[in-house]
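The structure appears right after this line, and notes come after that.
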């Protein structure tokens, strides 16, 4: 005679984890959230406000890319950031 197969019960481990207490969602979910942000920024005229605030100021250009663009991470990537 075989013993009945028992399904494991789902256990809530939340109380045993050190989870952050934050109003931010745990997942970015950008494909769903970004369109609302872009719409809000467009309604506020955010880009225009930034352009007006910078009018007449010296040009600021930041040339930077992902640290792994050309292969494995190496000391040159760190050197680029500290110079």
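Residues that are modelled with pLDDT of 75 or more and surrounded by 10 or more Cβ atoms within 10 Å (Cβ to Cβ) within region 53-72 comprise just one, 54. Could you tell me which of the residues 73, 79, 50 is outside any helix (DSSP H, G or I) and without any contact (Cβ under 8 Å) to a residue 24 or more places away in the chain? Step by step, each of 73, 79, 50 is checked, and only 73 is outside any helix (DSSP H, G or I) and without any contact (Cβ under 8 Å) to a residue 24 or more places away in the chain. Just a yes or no: is a residue in region 13-33 assigned to a helix (DSSP H, G or I), modelled with pLDDT of 90 or more and surrounded by 10 or more Cβ atoms within 10 Å (Cβ to Cβ)? Within region 13-33 (the criterion being assigned to a helix (DSSP H, G or I), modelled with pLDDT of 90 or more and surrounded by 10 or more Cβ atoms within 10 Å (Cβ to Cβ)), the answer is yes, since at least one residue qualifies.
The values are calculated or read from the model by the stated rules, or taken from the named source; none is laboratory data. Note that the structure is predicted; figures quoted are calculated from it, not measured. Positions of Cβ are backbone-derived with ideal geometry, glycine not excepted, and every protein chain shown enters the neighbour counts.
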